[in-house]
C-alpha cells in the first residue's frame, strides 16, 4: 500500500501546500511537531525548505542529526496534528510525544527519523547546511533522499483523493483550523 | 469589497499553501507569472519565501525593482493562471502578457507591481537581498509591506469560502492540474 516515489516526482507531494509533520531523532531521542511552512525548492535533485522555530526540541534533534522527515498527515489525523503542534517534546522528559499520544511509526529508508503511520506521504530529508538562513530566518534547506506515498491517494506522480475523503491532505488556516484538500478543478 | 489586512495577519493568507501569481514592474515594463512555491517565513515583520527561476522575465524585473506582488488567484481564474504559467513575457516584446490575455490590474499601495483584478488576496513584497540564496537556489526572501483581501472570503484574520466556490483559492498538483481549497475540518 505504501510505495516508493521516484525522486524526480518528490516535489509533487508538496506542490499543493499541505500542512506537514516533522519528525527527527538523534542519539536515542526522537520528536515530532507540526509545520505549515514547508515548501518545494527544486526538482533535481529534489529540495525543500522548511521553517523550524529555534526554540523547538525537534530542531535540536534535526540539527544534531543532519536529517529529518516530512510526513503528510490527512483528515483523519487532525486531532493528532493539533496535539503534536500544541506541545513540546521537552514536556515529556521520561517518555516522548509518540508514547504520550500513542503515535505509531515505522522505519525510514535513508535516515534515522521515525515515519508516522497512517500519514499519506513521507519525504526523507538531509539538511544542506546554510547557517545564515538557519540562524537568521529559522529556514532550513534540505535535499529529499527518499520519498514514499500511500498509493490509494498518490500514484503515477499524481494525487487523487476521490473516494478517500478521510485520506485528503490538510491545509492550516490559523489557530488550529484546517481545510481539506478539495476537488480537482 | 477589497480590505487592507493588518500586517500581523498577512501570513495567514499563505498558511494553507495556495498557488500564487507573481507580478513585477520596472522602468515601464511589467510581467506576470504563476508560482506554486511561495511560503510564509515569519510573522513579525511578516516575511515570505518564493522560488523564481533565473530564466524568467519576472525575475529580471523584480530584481531590478526590488519589489514584487504575490496575488492569490481563485477557481474562476484557472485558465488565466495556466496562460501566464505557460508563456514568457519575452514572447511579447511589443505588448505584454496583461494586454495579450486581457488581464486587468489595479495599483498597489506601496510598490510598483500591478495587482491582478479578481484575485482574492494580494501581498505587496520588498525583497530582502540574499544574493547567495537567489543565485544558488532561485530563492527569494521578502518582507510583506502591505496586504489586502476580498472580504467575501477573508475577514477577521480567517479564510471562509462557504457559499463562494468560484472564489476558492487553488493548489497546484502537477502539469496544470489544480485542487480547490476544500472544506473546513
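The values are calculated or read from the model by the stated rules, or taken from the named source; none is laboratory data. Quick caveat: nothing in here was measured; it's all calculated off a predicted structure. We place every Cβ from the backbone using ideal geometry, glycine too, and count neighbours over all the protein chains shown.
Structure values in brief
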read-out: Subset tally (residues that are in contact (Cβ under 8 Å) with a residue 24 or more places away in the chain and either part of a strand (DSSP E or B) or buried (at least 21 other Cβ atoms within 10 Å of the Cβ) (or both)) for segment B:146-164; value: 10
read-out: Identity of the residue in segment A:166-181, more than 28 Å from residue B:42 (Cβ to Cβ) and surrounded by 15 or more Cβ atoms within 10 Å (Cβ to Cβ), that ends up farthest from the other protein chains (Cβ to nearest Cβ); value: A:167
read-out: Total residues in segment A:119-145, condition touching a strand residue (DSSP E or B) at 6+ places or on another chain (Cβ under 7 Å), facing chain B (nearest Cβ under 8 Å) and in a helix (DSSP H, G or I); value: 2
read-out: Listing of strands (runs of 3 or more DSSP E) fully contained in segment B:1-111 that carry 3 or more residues being within 14 Å of another protein chain (Cβ to nearest Cβ); value: B:38-42, B:47-51
read-out: Meets criteria (more than 30 Å from residue A:128 (Cβ to Cβ), within 14 Å of the chain's Cα centre (by Cα) and modelled with pLDDT of 95 or more) for residue B:119; value: yes
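Conditions tested, residue by residue: (1) within 17 Å of residue B:129 (Cα to Cα); (2) buried (at least 24 other Cβ atoms within 10 Å of the Cβ); (3) without any contact (Cβ under 8 Å) to a residue 40 or more places away in the chain.
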{"position": "B:35", "(1), (2), (3)": "no, no, yes"}
{"position": "B:45", "(1), (2), (3)": "yes, no, no"}
{"position": "B:54", "(1), (2), (3)": "yes, no, no"}
{"position": "B:60", "(1), (2), (3)": "yes, no, yes"}
{"position": "B:63", "(1), (2), (3)": "yes, no, no"}
{"position": "B:66", "(1), (2), (3)": "yes, no, no"}
{"position": "B:72", "(1), (2), (3)": "no, yes, no"}
{"position": "B:75", "(1), (2), (3)": "no, no, no"}
